[in-house]
Amino acid sequence: MNYISTRDSDPVCGNVTSAYAIKNGIAENGGLYMPSSIPRLSDAEMTAMINMDYPHVCAEILSRFLTDYTYDEILSDALSAYSPAAFPDGPVGMKNCNGIDFLELWHGPTCAFKDMALQLMPKLMTRALKKTQEDRTACILVATSGDTGKAALEGFKNAEGIKIHVFFPEGGVSRIQELQMRTQDGNNVKVTSVNGNFDDAQTEVKRIFVDREFCDSLSKKGYFLSSANSINFARLAPQIVYHAYGYLTMVREGRIKFGDRVNVCVPTGNFGNILSAYIAKLMGIPFGRFICASNENNVLTDFFNDGIYDKNRRFLLTLSPSMDILVSSNLERLLWLVSDTARTTLWMKQLRETGRYAADEETKRKLGTEFCGYYADDSMTIDTISRYYRDHGYLIDTHTAVAANCAEQYIKKTGDRTPILLASTASPYKFSSAVYKAVSGTECNDSVRSISLLSDYTGTPVPAPIASVLRKEIRFSDNRDPGDLRKSISDFLV
Ligand SMILES: *Cc1c(COP(=O)(O)O)cnc(C)c1O
């Protein structure tokens, strides 16, 4: 299986191994790597997976995409990534509530779904360095608005042949997120706060990636820069697994028969999670429609309704911050799957130059048969958390609540009673201030204090990774102006 870029048809970017695609992250022509075809699973292969444990399902699926890795290599990495040490209650949880199957993806070390990919990706990356005979050390740079940074630190800590440097905006993340990062352990990690907002930090990190002179100086010291964001196929591939596993669990637990259709609802930001579910369908998992759930930054809702993607609008800060996004990078991969390289290249050029593009009628029709978009604002989000707790005793976080609300809107509008598998993307304790307010009606804006308040009020335990951070020692207090980040990186990469 070779990997090709979603843009141009330049043969230079045209045919690389999965190890090369994982090591490089983004194609040289600015496009995103995709497998040249999506492998199909037969019904016999899928039914054989119904009774497999998570790491084995992972190895079955990923070995079909990463064909320059052996099945045993992937299985061994999956067994250690999804071990009881990292996921004491098992890699995923499943809760049927209000007729919806909530696929809980937050039982990992940082209590959010990004762990599912970021626990495995570093292991695939370490192997990619060996397979491509890279003798330099990779340095992963991450600019984060909170959650991704911590999940990346947990995934990459102590990874062989790799270092990781995370930047977050000083004063721009919650107190608990700041503590999570500043107390990070591991022998290959560094955390720096940046004076400025998230955009300032991200813009500077992006500049550093393309600073030829700086990269050359690092190369002389034996390093190269790499990224861990969801444009890397190694972030997407592990996510295909849990959507398939979720479907197979519904079969195993007797709620559906194998072959029955299931709709999928995903709270969406960068479009990586929902795209992975779509790839699972292309592999053969009997998924029906994909409900793309957004918050008030509803660019995708508009796109699925009228075929026009337009990021020229106000950026809003909401209670579901991991979905506060106006450019959903992985949508490019969906466009490529349903249209072609030429059209995708054109639309991405228009997006870059004008912030807007319009899909043609054929693409719109194809998207419309598979996807639909809904959104929920903050008051709908709070109301949904409150109702699920009051009526079902089930505590959900703000992102999951956006999705639950959108699933309800979908059922009401279409009357479609096909079972729904819904991606529950974060522990309610990760967004405890908003969740506490929703269930108790009382404000508490101190994210540390709201954790114990939420636990006392609901009688539910604080997840261990969140409880333990409050006891850990601060390791990193590096603070820089944006112009000073190169110096901070150089100090780290000696
Ligand atoms: C990142 C994130 C999302 C959005 O996922 P995408 O793959 O970017 O669409 C949703 N919920 C939570 C809690 C997240 O951390």
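None of the figures in this text is laboratory data; all of them are computed from the coordinates on show. Computed from a prediction, not measured in an experiment: that's the story for all the values here. Using ideal geometry, Cβ is built from the backbone for each residue, glycine included, and neighbour counts are taken over all protein chains shown.
Brief remarks on what is shown
- Cut-off 14 Å between beta-carbons: net charge of the residues surrounding residue 350, Lys and Arg +1, Asp and Glu -1: +2
- Amide H contacts of residue 226 (H built 1.01 Å from N, under 5 Å, at least 5 apart or other chain): 139, 140, 141
- Shown is the FRET efficiency for residue 80 and residue 391, computed with R0 = 45 Å from the Cβ-Cβ distance and rounded to the nearest 0.05: 0.65.
- Theoretical FRET efficiency, 1/(1+(r/R0)^6), r = Cβ-Cβ of residue 220 and residue 470, R0 56 Å, to 0.05: 0.85
- Counted over the stretch 53-180 with a bin width of 5 Å, the fraction of Cα pairs per bin, in whole percents, is 2, 10, 17, 19, 19, 15, 10, 5, 2, 0, 0.
- Cα-based convex hull, the stretch 219-297, per residue volume (Å³, whole number): 120 Å³
- Inter-label distance, residue 29 to residue 70: 3.5 nm, where each label sits 7 Å from its Cα along the C-beta direction.
- Couplings 3J(HN,Hα) of the stretch 250-266, computed from phi: 4, 5, 4, 7, x, 7, 9, 9, 4, x, 5, 7, 9, 7, 10, 10, 9 Hz, in residue order, whole Hz [Karplus 6.51 cos²θ - 1.76 cosθ + 1.60, θ = phi - 60°; x for Gly and Pro].
- Neighbour-limited loop hits for GluC sites (Glu not before Pro), the stretch 180-265 (at most 16 other Cβ within 10 Å; DSSP other than H, G, I, E, B): 253
- With both labels modelled 7 Å from their Cα along Cα-to-Cβ, the residue 487 to residue 442 distance reads 4.7 nm.
- Amide H contacts of residue 96 (H built 1.01 Å from N, under 5 Å, at least 5 apart or other chain): 102
- Residue 142 sits among other residues whose Cβ lies under 14 Å from its own Cβ, and their net charge, with Lys and Arg +1 and Asp and Glu -1, is +4.
- For residue 16, the amide hydrogen comes within under 5 Å of the amide hydrogens of 3, counting only partners 5 or more places away or on other chains and with H modelled in the peptide plane.
- Average projection area in nm² (convex hull over Cα atoms of the chain, one quarter of hull surface): 21.4 nm²
- Computed over the stretch 106-149, the Cα gyration tensor eigenvalues convert (square root of 5λ each) into semi-axes of 25, 14, 5 Å, ordered from largest to smallest.
- Near-label residues of the stretch 29-70 by backbone N, under 12 Å of a point 7 Å along Cα→Cβ of residue 258: 42-52
- Taking every alpha-carbon pair under 8 Å whose residues sit at least 6 apart, the stretch 105-185 reaches a relative contact order of 31 percent.
- For the chain, the relative contact order works out to 18 percent when only alpha carbon pairs closer than 8 Å and six or more residues apart are counted.
- For the chain, calculated [θ]222 nm from helices alone, where every DSSP H run of n ≥ 4 adds -39500 (n - 2.57): -14000 deg cm²/dmol
- Residue 175/residue 315 FRET efficiency (R0 30 Å; Cβ-Cβ; nearest 0.05): 0.85
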